[in-house]
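Structure, as structure tokens:
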Amino acid sequence: MKSVIRAGIIFALLLFAMACSPESPQSTWDAHGPVAEIQKNLFLFVFWIAVVVFIIVEGGILFLTFKYKRKDDKLPVQTHGNLKLEITWTIIPAIIIVIIAIPTVMAIWDTQVMPEEENSLVVEAVGHQWWFEFNYPTEEVVTANELHLPEDTDVIIKIGSQDVIHSFWIPKIAGKVDMVPNHENELYIKADDPGLYYGQCAEFCGIVHAMMRFRVIVHTEEDYQNWLQEMRTPPEKLASGSDEDEGRKLFVGNCSMCHSYDSYKKGAYTKEIVSQYNRWEEWKNDKENSSIVSAPNLTNFGNRITIGAGIKENNYDNLVKWIENPDAIKLGTRMKNHASIYKNENKLTNEQINQIAKYLLSLKPSMESSATYNK
Ligand code: CUA
């Protein structure tokens with residue numbers, strides 16, 4: 001029995017150490033932006049006060065337990081209440097609360113300040129079961145599950161949802177803020193260093209909540225401009241008769257009612273926002289019979305790092321498996337319930353699935369990709 005308890009304690013400590021390691025991709029100990037930094041410092045401040053309180057209180061309990069433990073059968077002096085003690089242990093916690101409250105309120109103010117919209121990058125983040133939509137209204141760019149940001153820039157994330165309540169969280173940069181349908185929340189963020197960061201939905205939102213993730217790619221200003229340029233550039237022309245071109249026909253016929261794939265076109269931004277909204281309305285009004293649902297925009301999909309909202313690396317093998325049976329990777333995705341290619345009479349052959357995967361991977365701008373994030 002003792003060895004089981006010991007093993008349990010060691011295991012728990014190991015888990016604790018792993019969760020707290022700054023190397024872990026979602027560690028809040030490794031802040032890369034002013035908001036995460038403020039949150040981390042506030043946590044550490046409260047943590048060390050709690051450690052001191054813990055040592056004093058637990059030390060006092062242990063000390064008194066041993067010092068005054070029963071030595072004989074004599075009844076100790078009976079007292080009722082001690083005014084001095086009562087006042088002391090009421091005032092000390094009150095002072096501690098004030099000491100904690102001051103930096104807490106300051107941190108709330110500092111992280112809630114919204115910079116001027118004109119001098120900031122505004123991105124709309126929309127939660128869906130179970131993926132993230134990202135819209136750049138000024139840049140007229142729309143993408144999904146991979147948020148691209150320039151470094152050292154004030155960013156205002158306008159946060160909403162088109163079904164249930166989700167939560168937007170980038171542990172190393174900022175968070176978390178609820179994504180609520182029919183209500184806009186705002187989050188100020190700024191990323192200090194270029195790199196790849198993990199984001200996660202932090203509010204239980206249904207069966208695959210835990211697999212509702214996203215990536216944040218922070219670029220240098222130059223790389224960010226390149227990325228924007230790429231998002232406005234059409235993919236390479238496909239040779240007629242190639243697997244990719246056959247895949248394109250299959251995709252247009254079977255997938256494009258829900259997935260947009262050509263938002264590089266002029267005017268496509270408004271069209272995508274409107275159709276995304278309409279897809280939501282249609283699904284909301286008749287969940288059973290709606291033939292289309294909100295789905296990630298796949299423009300320049302070939303440049304994405306992941307598939308399935310941050311679940312698997314974006315490569316040919318994973319993509320084929322995903323199209324074949326998304327449930328095997330992420331149980332509960334809406335794609336399988338709604339796309340006709342999963343109904344017996346319309347099932348795709350293996351060859352057709354391969355062709356669609358090849359087509360999707362070919363969706364990247366014809367210009368030489370200059371952004372460093374995909375390497
Ligand atoms: Cu979306 Cu949890």
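Where both partners of a DSSP beta bridge lie in the chain, what percent of those bridges are antiparallel, to the nearest 5?
On the way: 31 of 44 bridges.
That works out to approximately 70 percent antiparallel.
Gap in Å between the Cα centre of the stretch 1-70 and the Cα centre of the stretch 141-183?
30 Å
Among the listed pairs Lys40/Lys176; Lys237/Lys347; Lys271/Lys330; Lys266/Lys364; Lys176/Lys271; Lys265/Lys358, give every one whose C-alpha distance is greater than 19 Å.
Working: Lys40/Lys176 13 Å; Lys237/Lys347 28 Å; Lys271/Lys330 29 Å; Lys266/Lys364 17 Å; Lys176/Lys271 30 Å; Lys265/Lys358 22 Å.
Lys237/Lys347; Lys271/Lys330; Lys176/Lys271; Lys265/Lys358, as the Cα separations exceed 19 Å there.
Highest GNM mean-square fluctuation, the chain, Cα pairs closer than 10 Å: which of Glu282, Glu58, Glu313?
Maximum among the listed residues: Glu58.
Apply the Karplus curve 6.51 cos²θ - 1.76 cosθ + 1.60, θ = phi - 60°, to the phi angles in the stretch 215-231 and return the couplings in whole Hz, x for Gly and Pro.
10, 10, 10, 9, 10, 5, 4, 5, 5, 5, 4, 4, 4, 4, 4, 4, 5
Tell me, what HN-Hα J-couplings in whole Hz come from the Karplus equation 6.51 cos²θ - 1.76 cosθ + 1.60 at θ = phi - 60° for each residue of the stretch 197-202, using x for Gly and Pro?
Rounded to whole hertz, the list is 10, 9, x, 8, 6, 10.
Among Ser27, Ser242, what's the order by accessible area (1.4 angstrom probe), most exposed first? Mind dumping the intermediate values first?
Details: Ser27 0, Ser242 30 Å².
Highest to lowest solvent-accessible surface, that is Ser242, Ser27.
Report, in degrees rounded to the nearest 10, the 0 to 90 angle that the Cα long axis of helix 83-112 makes with the longest principal axis of the chain.
In the chain, helix 83-112 runs at an angle near 20 degrees to the longest axis.
What does the helix-only formula give at 222 nm for the chain: each DSSP H stretch with n ≥ 4 adding -39500 (n - 2.57), the total divided by the residues, and the result rounded to the nearest 500 deg cm²/dmol? Can you show the working numbers first?
Details: 10 runs with 155 residues, N = 375.
Rounded to the nearest 500, it is -13500 deg cm²/dmol.
As I understand it, the value is the acute angle between the Cα axis of helix 2-20 and the longest principal axis of the Cα atoms of the chain; what does it come to in degrees, rounded to 10?
Result, in degrees: 60.
Compute the angle between helix 243-254 and the longest alpha-carbon principal axis of the chain, please, reported from 0 to 90 degrees and rounded to the nearest 10.
In the chain, helix 243-254 runs at an angle near 70 degrees to the longest axis.
Which residue, Phe132, Phe54, Phe214, has the most motion in a Gaussian network model of the chain that connects Cα atoms within less than 10 Å?
Fluctuation is largest for Phe54.
Have a look at Gln200, Gln39, Gln352 and tell me which one the Gaussian network model of the chain (Cα, springs below 10 Å) gives the largest fluctuation.
So, out of Gln200, Gln39, Gln352, the one fluctuating most is Gln352.
Enumerate the amide H contacts of Gly199 below 5 Å, restricted to partners 5 or more residues apart or on another chain; note that Pro and chain-start residues carry no placed amide H.
Phe214, Arg215, Val216
The values are calculated or read from the model by the stated rules, or taken from the named source; none is laboratory data. All of these numbers come straight from a predicted model, not from anything done at the bench. These accessible areas exclude ligands, DNA and RNA; they are computed on the full protein's heavy atoms, side chains included. Shrake-Rupley method; radii C 1.70, N 1.55, O 1.52, S 1.80 Å.
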